[in-house]
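First comes the structure, then the notes that go with it.
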């Protein structure tokens, strides 16, 4: 569990904002050890395999996506979610005809 402050932490507009252009990723909240991101994959967009150095939870909020792992691909529909441990290569693909929205929760 991350060591989080024992007081309210408010996000300031300069701390929020776009962190990825394509696909569109928006940071919604950041505190020590915790980050909340909204990720949108338009039809045909993908996020190639990459590694996060912290555990991540992804929740499909709208639409359908493919979770890309090194040796497998998993189809996920809203409202499915997945926990992925730190260091596991992962990516996302939207081969479907509608946008997909994911909530991303990262912590250390």
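Give me the residue from region 25-35 that is assigned to a strand (DSSP E or B) and surrounded by fewer than 17 Cβ atoms within 10 Å (Cβ to Cβ) and, out of that set, modelled with the lowest pLDDT.
31
Residues checked against (1) under 26 Å from residue 8 (Cβ atoms); (2) touching a residue at least 12 places away in the same chain (Cβ under 8 Å):
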{"position": "38", "(1), (2)": "yes, yes"}
{"position": "43", "(1), (2)": "no, yes"}
{"position": "46", "(1), (2)": "no, yes"}
{"position": "49", "(1), (2)": "no, yes"}
{"position": "52", "(1), (2)": "no, yes"}
{"position": "55", "(1), (2)": "yes, yes"}
{"position": "69", "(1), (2)": "no, yes"}
{"position": "72", "(1), (2)": "no, no"}
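Would you mind telling me which numbered condition in (1) at pLDDT below 90; (2) under 13 Å from the mean Cα position of the chain (by Cα) residue 67 fails?
The one condition residue 67 does not meet is (1).
Of the conditions (1) at pLDDT 85 or above; (2) part of a strand (DSSP E or B), residue 44 satisfies every one except a single condition; which number is it?
With (1) at pLDDT 85 or above; (2) part of a strand (DSSP E or B) applied to residue 44, the lone miss is (2).
Filter region 76-95 down to residues that are in contact (Cβ under 8 Å) with a residue 24 or more places away in the chain and part of a loop (DSSP other than H, G, I, E, B) and give me whichever is surrounded by the most Cβ atoms within 10 Å (Cβ to Cβ).
Per the criteria, the residue is 94.
Does residue 49 meet the test of being over 12 Å from the mean Cα position of the chain (by Cα), more than 30 Å from residue 6 (Cβ to Cβ) and at pLDDT 95 or above?
Yes, satisfied.
I'd like the full set of residues that are surrounded by 14 or more Cβ atoms within 10 Å (Cβ to Cβ) and assigned to a strand (DSSP E or B), limited to region 47-56.
Scanning region 47-56 gives 47, 56.
Given (1) under 11 Å from the mean Cα position of the chain (by Cα); (2) within 21 Å of residue 97 (Cβ to Cβ); (3) modelled with pLDDT under 90, identify the lone condition not met by residue 22.
Unmet condition: (1).
The values are calculated or read from the model by the stated rules, or taken from the named source; none is laboratory data. In this text, all values refer to a predicted model and were calculated from it rather than measured experimentally. Neighbour counts are summed over all protein chains in view; Cβ atoms, including those assigned to glycine, are modelled from backbone coordinates with ideal geometry.
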